[in-house]
Amino acid sequence: MTLTIPGFDHIRLPGADGVELAAAVGGSGSPVLLLHGFPQTHLMWRHVVERLADEHTVICPDLRGYGASDKPAATDPDVYAKRTMAADVVTMAAALGHERFALVGHDRGALVAFRAGLDHPETITHLGILDIVPTLDMWNVLHGASAAVGYHLFLMAQPPGLPEAMIAGSADAFFGSFLDAWANDPTAMPEDVRAEYLRVSAAAVTSIVADYRASAGIDVMHDQADLDAGSQLAMPVTVVQQDWGAQLGYDAAGVWKAWAPDLDHRLTRAGHFMAEEAPDEIAATIRGLLAR
């Protein structure tokens with residue numbers, strides 16, 4: 001049985017190119033769409049939505065390739081390009097009658113949100129980003145021994161075959177290692193939630209790897225083209241991160257300022273799974289973003 005957000009409707013909605021996305025939808029008011037990270041599902045937002053649904057219609061999909069959403073075969077690089085996944089989000093929101101909405105993403109979902117902000121500035125009113133830098137910058141800041149923290153990025157960037165076989169052969173150990181290593185407060189992720197993340201991730205190895213592989217190829221090309229063209233995010237942007245800049249030796253706020261002129265950059269003491277570890281902080285940050 002799929003775990004979902006209590007009190008929300010769990011429905012299927014159209015994405016791009018005939019793909020369908022599973023989503024939890026609830027609340028009322030101006031729309032806010034929340035995108036989950038790796039190795040998770042929309043369930044990661046369960047505490048945050050409790051704090052937003054009295055003022056907003058909150059839409060929490062599973063990304064294509066994750067959870068209960070469709071997992072199309074990666075027949076070409078575009079299938080899991082963040083540009084395509086951003087089109088999923090815009091198409092899905094339009095199906096619910098929302099031509100403009102605020103968008104917040106965590107981890108992989110934040111990469112999709114970033115791309116949506118660049119590709120659909122007329123649609124995304126406010127943009128929230130949790131614990132990433134854009135794909136192009138991500139590869140640029142990973143160097144030397146400190147890059148070991150992102151070993152999975154390099155593993156899943158390899159050609160199809162070996163990464164999928166290696167991960168599928170020990171899926172619970174692989175995905176569980178991130179749930180353990182990236183959490184400052186392990187109690188924020190109860191056993192049933194952890195088991196759900198492991199279950200759905202093990203069933204989606206091929207599509208998860210395809211998502212990551214796109215970030216070592218076509219996503220870099222799209223980011224570089226925007227950088228070369230001087231493209232920037234036109235809407236108010238709030239970024240919340242762990243202090244990766246200090247850990248990896250770069251200016252995190254400076255990286256984001258180059259993309260987002262209207263930027264509020266914040267550091268958190270919560271771990272990577274901040275929506276589960278510090279929901280009051282994240283919900284307050286989202287409310288502050290929407291007030292700008």
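The values are calculated or read from the model by the stated rules, or taken from the named source; none is laboratory data. Because the structure is predicted, anything quoted here is derived from the model rather than measured. A quick note on method: Cβ atoms are made from the backbone with ideal geometry, for glycine too, and the neighbour counts reach across all protein chains shown. SASA here: full protein model, heavy atoms, side chains in, ligands and nucleic acids out. Shrake-Rupley method; radii C 1.70, N 1.55, O 1.52, S 1.80 Å.
Only DSSP H runs of four or more residues enter the estimate; each adds -39500 (n - 2.57), and after division by the residues of the chain the mean residue ellipticity at 222 nm equals -12000 deg cm²/dmol. Taken one residue at a time, the phi angles of segment 9-14 give Karplus couplings (6.51, -1.76, 1.60, θ = phi - 60°) of 6, 10, 10, 10, 9, x Hz. Gly and Pro are set to x.
Placing unit charges on the Cβ atoms of the charged side chains and taking the dipole of segment 248-289 about its Cα centre, the candidate lying farthest along the positive direction among Tyr250, Ile286, Ala275 is Tyr250.
Dipole orientation for segment 133-204: of the candidates Pro190, Trp139, Phe175, Trp139 has the Cα lying most toward the positive pole (charges on Cβ; Lys, Arg +1; Asp, Glu -1).
Amide H to amide H distances under 5 Å link His56 with Ser28, where only residues 5 or more positions off or on other chains count and H is placed in the peptide plane. What the phi angles of segment 129-138 give under the Karplus curve with 6.51, -1.76 and 1.60, with θ = phi - 60°, is a coupling list of 10, 10, 6, 9, 10, x, 3, 4, 5, 4 Hz, glycine and proline written as x. Of the labelled figures (1) 5, 18, 23, 22, 16, 9, 4, 2, 1, 0, 0; (2) 6, 27, 36, 24, 7, 0; (3) 6, 31, 40, 21, 2, only one reflects P(r) over Cα pairs in 10 Å bins from 0, in percent as derived from the coordinates, namely (3). Dipole magnitude for segment 171-292: computed about the Cα centre from +1 point charges on Lys and Arg Cβ and -1 point charges on Asp and Glu Cβ, it is near 200 debye. Compute the longest continuous run of the chain that contains no exposed GluC sites (Glu not before Pro); treat a site as exposed when its DSSP state is not H, G, I, E or B and it has at most 13 other Cβ atoms within 10 Å. Longest site-free region, per DSSP loop and neighbour criteria: 123-292.
Which value in nm describes the separation of the simple spin-label points at Ala291 and Leu155, placed 7 Å from the Cα toward the beta carbon? Label-label distance for Ala291 and Leu155, simple model: 4.3 nm.
For segment 221-292, the relative contact order comes to 34 percent (Cα pairs under 8 Å, sequence separation of at least 6). Spin-label model, Asp251/Glu99: points 7 Å from Cα along the beta carbon direction are separated by 4.1 nm. Per-residue 3J(HN,Hα) values for segment 26-35, derived from phi via the Karplus relation 6.51 cos²θ - 1.76 cosθ + 1.60 with θ = phi - 60°, read x, x, 8, x, 4, x, 10, 10, 10, 10 Hz in sequence order (x marks Gly and Pro).
Let me have the relative contact order for segment 149-285, percent, based on Cα pairs under 8 Å that are six or more residues apart.
After rounding, I find 27 percent.
Return the percentage of antiparallel bridges among DSSP beta bridges fully within the chain, rounded to the nearest 5 %. Looking only at bridges with both residues in the chain, the antiparallel portion is about 35 percent. The residues packed around Leu3, meaning those with a beta-carbon under 14 Å from its beta-carbon, carry a net charge of -2 if Lys and Arg are +1 and Asp and Glu are -1. The solvent-accessible area of Leu290, taken with every protein chain present and a 1.4 Å probe, is close to 40 Å². For the chain, the relative contact order comes to 21 percent (Cα pairs under 8 Å, sequence separation of at least 6). A Förster radius of 25 Å, combined with the Cβ-Cβ distance separating Ala148 from Ala168, puts the computed FRET efficiency at roughly 0.65.
A crude spin-label estimate for the pair Ala216 and Asn140, with each label 7 Å from Cα along the Cβ direction, gives 2.1 nm. Applying 1/(1 + (r/R0)^6) with r as the Cβ-Cβ distance of Ser28 and Arg266 and R0 = 41 angstrom yields a FRET efficiency of 0.90.
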